[in-house]
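**Q** Before we start, here is the structure in question, set down as structure tokens.
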Amino acid sequence: MNNKLRITQVGILAMGFGLAGSAVAAGFPFFSAETRMRVGRHTSTPSVSNTTHNTNFANATTALQNDSGSNDVACNLTLSRLDTMTFSDGTDIVDTDAEYTDTRDNDVNSYATIVTEVNYCEGMGSFAGCGSPQGGAKGFLVEQDNAISAAGGILYAHEFGHTAGLGHDNTGNQIMDPDAVTTADVKVTTATVCNTFRRPFVTTCPTGTGLSGPAICSPSLSRTALPPAPEEVAGSDTTLLSDETDFTAVPIEDLAQGLIVDSIPHEVESFYGQDDVDVLVAMLSTVAERRYKRTIVTLIGLISDGSVEDVFAIQDYMGSKNAHVSAAMFALGYLVNRTGSDVALDILLGAFEEGDARTSNAAMRGLAVSGDAVARLALTNVSATVADSARRKKLQFAIQENKVMAEIGLHAYYSHR
């Protein structure tokens, strides 16, 4: 159990109710609870207004508290913003496990942390956010572009759920859905899952910085049962379900208009074909929202047969205004990994060796997930000569992940989430 948390259990006979044998005594979420958390933003990341944060927490609360019918319970928890601060330690573009930890555990002790890009979440990829059930209640990251999206509230709730101790739940439209999250993913499947969301934190809300742990509090401790600690929940079959999703009844257009949160839907290759890729390529020019184009280009990389036309479609997208270049480079890397596309590899190598710093770093990510030996050699050669220590660490991590990809393959690499 995380020793930074002071866990308090409220007697279930409070308010004079005799509850033995009742639904409340069994852990059904009857009494209200509230959790407030500090929002932090890296100084290099574009701002997100407090109004937007408040809206996201309100939408997260609505999703938790509403019972939408089948496979859903009303979870009486309110999520809200404690305060907002900025920080400059860590990084605004997260590429490695060390950068994830350093940025999450920042100097202002934020719990919900906004950054420019999340390119690592227990594996490399282009993610909307990242929170870890194994990491304990230390906070989560959210990509700025997705914090301001319509699904921002579901994203906040999803990542908070991980830090409270929940794994993914693929039973349909769950807040903890492992794949492309949309505004329709509003369900909490059982009272057990709800009580994990309702994990109590310290009762006195902290102020200022220099804290011993992240700024999060539960001023209302009207709990019906003490939720399990994260390490206990993460190993429980009742709350951590298989990430393998059946996409048989999901049109590719619907999947494409969701946020890839913290799990790459690697299994889509088994459910969609080249006709679906043609639809995705067309959507690159018709869908306006940048965040959905990130999902679209990722899916092309995971489904395409590696045709030259598809590779060039990704390259053309990278040259468009406000393109999510990192996602496109990852997609090219997936094509090299899955299909052995020499054209995709040449584009990655050219961008890595000749592009500006941001483009080169994005190509580095694609070369990493390619698992390709030529890509690994290029990464190694540059790593041996680069003077900047921060970039060298990124390169060394990319080399490491490239080796893992080569050894276990793309599907095994992403199956652990």
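The values are calculated or read from the model by the stated rules, or taken from the named source; none is laboratory data. Being a predicted model, the structure only gives us computed values, none of them experimental. Cβ sites come from the backbone with ideal geometry, for glycine too, and all protein chains shown count toward neighbours. SASA here: full protein model, heavy atoms, side chains in, ligands and nucleic acids out. Shrake-Rupley method; radii C 1.70, N 1.55, O 1.52, S 1.80 Å.
**Q** Out of Thr103, Thr91, I need the residue that is over 19 Å from Ala184 (Cα atoms) and part of a helix (DSSP H, G or I). Which one?
**A** Of Thr103, Thr91, the one residue that is over 19 Å from Ala184 (Cα atoms) and part of a helix (DSSP H, G or I) is Thr103.
**Q** While we're here: Quick one: Ala74 ticks every box in (1) in a loop (DSSP other than H, G, I, E, B); (2) touching a Leu at 6+ places or on another chain (Cβ under 9 Å); (3) open to solvent by less than 30 Å² (accessible area, probe 1.4 Å); (4) within 20 Å of Val193 (Cβ to Cβ) bar one, so which box is it?
**A** (3)
**Q** Applying the selection to segment 277-301, what residues are under 17 Å from Gly366 (Cβ atoms), free of Cβ contacts under 8 Å to residues at least 40 places away in the same chain and open to solvent by less than 10 Å² (accessible area, probe 1.4 Å)?
**A** Of everything in segment 277-301, those that are under 17 Å from Gly366 (Cβ atoms), free of Cβ contacts under 8 Å to residues at least 40 places away in the same chain and open to solvent by less than 10 Å² (accessible area, probe 1.4 Å) turn out to be Val297, Ile300, Gly301.
**Q** Select from segment 31-59 the residues that are charged (D, E, K, R) and over 18 Å from the mean Cα position of the chain (by Cα) and list them in ascending order.
**A** Glu34, Arg36, Arg38
**Q** Looking at Thr239 and the list (1) open to solvent by less than 50 Å² (accessible area, probe 1.4 Å); (2) at pLDDT 90 or above, which single condition is not satisfied?
**A** (2)
**Q** Of the residues Cys205, Cys194, only one is touching a strand residue (DSSP E or B) at 6+ places or on another chain (Cβ under 8 Å), open to solvent by less than 10 Å² (accessible area, probe 1.4 Å) and modelled with pLDDT of 90 or more; which?
**A** Matching residue, one of Cys205, Cys194: Cys194.
**Q** Can you tell me which residue within segment 40-51, out of those that are more than 21 Å from Ile93 (Cβ to Cβ) and either out of contact with any strand residue (DSSP E or B) (no Cβ under 8 Å at 6 or more places or on another chain) or among the basic types (Lys, Arg) (or both), is surrounded by the most Cβ atoms within 10 Å (Cβ to Cβ)?
**A** Going through the qualifying residues, I end up with Ser49.
**Q** Inspect all residues belonging to segment 57-69 and state whether any of them is modelled with pLDDT of 95 or more, touching a helix residue (DSSP H, G or I) at 6+ places or on another chain (Cβ under 7 Å) and of a type outside the set (A, V, I, L, M, F, W, C).
**A** yes
**Q** Continuing with the same structure: Return yes or no: is Thr298 of a type in the set (Ser, Thr, Tyr), under 27 Å from Arg391 (Cβ atoms) and either part of a strand (DSSP E or B) or touching a Ser or Thr at 6+ places or on another chain (Cβ under 7 Å) (or both)?
**A** The answer is yes for Thr298.
**Q** Looking at segment 145-172, which of its residues are polar (S, T, N, Q) and either free of Cβ contacts under 8 Å to residues at least 40 places away in the same chain or out of contact with any strand residue (DSSP E or B) (no Cβ under 9 Å at 6 or more places or on another chain) (or both)?
**A** Result: Asn170, single match.
**Q** Looking at Ser360, Ser389, Ser383, which is the one that is touching a residue at least 12 places away in the same chain (Cβ under 8 Å) and among the polar types (S, T, N, Q)?
**A** Matching residue, one of Ser360, Ser389, Ser383: Ser383.
**Q** Under the condition of being of a type in the set (D, E, K, R), open to solvent by less than 50 Å² (accessible area, probe 1.4 Å) and closer than 21 Å to Ala344 by Cα, which residue from segment 366-410 is nearest to the chain's Cα centre (by Cα)?
**A** Filtering segment 366-410 for residues that are of a type in the set (D, E, K, R), open to solvent by less than 50 Å² (accessible area, probe 1.4 Å) and closer than 21 Å to Ala344 by Cα, the one nearest to the chain's Cα centre (by Cα) comes out as Glu401.
**Q** Check Tyr414, Tyr317 and return the single one that is over 21 Å from the mean Cα position of the chain (by Cα), more than 18 Å from Ile93 (Cβ to Cβ) and in a helix (DSSP H, G or I).
**A** Answer to the check: Tyr317.
Here's the yes/no breakdown for (1) touching an Asp or Glu at 6+ places or on another chain (Cβ under 6 Å); (2) among the hydrophobic types (A, V, I, L, M, F, W, C); (3) assigned to a loop (DSSP other than H, G, I, E, B); (4) at positive phi:
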position	(1), (2), (3), (4)
Asp107	yes, no, yes, no
Val118	yes, yes, no, no
Ser132	no, no, yes, no
Leu141	no, yes, no, no
Asn146	no, no, no, no
Tyr156	no, no, no, no
His162	no, no, no, no
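**Q** Continuing with the same structure: Quick one: would you say Ala331 is open to solvent by 50 Å² or more (accessible area, probe 1.4 Å), of a type outside the set (Phe, Trp, Tyr) and either under 27 Å from Leu166 (Cβ atoms) or over 17 Å from the mean Cα position of the chain (by Cα) (or both)?
**A** Here the answer is no, as Ala331 does not meet what is asked.
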